[in-house]
Amino acid sequence: MNENSTVLVTEAKTEYIPKPEALQKASAKKKSGNQWYSTIIGGFLKKNSANIAAVNSANDDPVPERLPWEVQKKSADTLWFLGFIAGLALLFGQIIYFEAGKVSQNPSYRPDLEKLCRWLGCQLAGYENIAEFAVLQSSFVPNSDGSMSFKAVINNQAAFKQRLPSIKLTLLDYNEQALAQRILSPKEYLPSGKRPNNTISPDETVEASFTIAAPKTRIGGYNFDLIY
């Protein structure tokens, strides 16, 4: 009886064998499930990859391909240009600062500079050109008291107002050697003694006159120069 029981149990354990058709169906079902899962996951990943690529493409500007004959622009070129302009401005400013006085004495440039200064509210240095003064007449005569009187008529032939020059008078002996010399400023030789800013307008004439004590040596002649 014990032997039969053992046989029955053994037969019960070894009796169940899956049929090939069932295994095929299970395998096909499992494969179908795996394909469905792969399709869903793959599609999701593909869609996300496409969205990420689209966002990156929208954020990144396209970089066109540079042709061989095109020169690549650099930010250094702009900085160099700005530096060049600043250097020119500095150079121009230095020229104006150091050479403005000389340029303002040039008759060709002065009219334009005067217009510019009227517009900017600046003031040019006074015009001074000894060569544009003319001495129309002069005299040097003794007085009864032994003094000597000098007179001269000075005309401004410049197109601009000028500052009156000083007069350098040199007395000569009969050998034309200098005996004495004196320099007189406008306030010393103008009859009125004073003149507004000591200036003379274009084509204006002034008379210079003064008296000096005669030297002990006899005077054989004289000469005088207009100087600044």
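A few comments on the model shown:
- Residue within segment 129-145 that is hydroxyl-bearing (S, T, Y), touching a residue at least 40 places away in the same chain (Cβ under 8 Å) and closer than 30 Å to Y109 by Cα present: no
- The one condition in (1) open to solvent by 50 Å² or more (accessible area, probe 1.4 Å); (2) part of a loop (DSSP other than H, G, I, E, B); (3) without any contact (Cβ under 8 Å) to a residue 40 or more places away in the chain that L124 fails to fulfil: (1)
- Residue in segment 91-99 that is among the aliphatic types (A, V, I, L, M) and at pLDDT below 75 present: yes
- Output for segment 175-210, where each listed residue is in contact with a strand residue (DSSP E or B) (Cβ under 8 Å, 6 or more places away or on another chain), open to solvent by 90 Å² or more (accessible area, probe 1.4 Å) and over 18 Å from F224 (Cβ atoms): N197, D203
- Given (1) within 30 Å of K102 (Cα to Cα); (2) assigned to a loop (DSSP other than H, G, I, E, B), number of the condition Y174 does not satisfy: (1)
- Filtered by the rule that a residue be of a type in the set (D, E, K, R) and under 57 Å from the mean Cα position of the chain (by Cα), segment 132-148 gives a lone residue, E132.
- Residue check for N197: farther than 16 Å from N129 by Cα and over 45 Å from the mean Cα position of the chain (by Cα): no
- When segment 143-157 is limited to residues that are under 18 Å from G221 (Cβ atoms) and aliphatic (A, V, I, L, M), the one that is least open to solvent (accessible area, probe 1.4 Å) turns out to be A152.
The values are calculated or read from the model by the stated rules, or taken from the named source; none is laboratory data. Source: prediction; values computed, not measured. Cβ: placed from backbone, ideal geometry, glycine included. Neighbour counts: every protein chain shown. Just the protein is used for accessible areas: all its heavy atoms, side chains included, with ligands, DNA and RNA removed. Shrake-Rupley method; radii C 1.70, N 1.55, O 1.52, S 1.80 Å.
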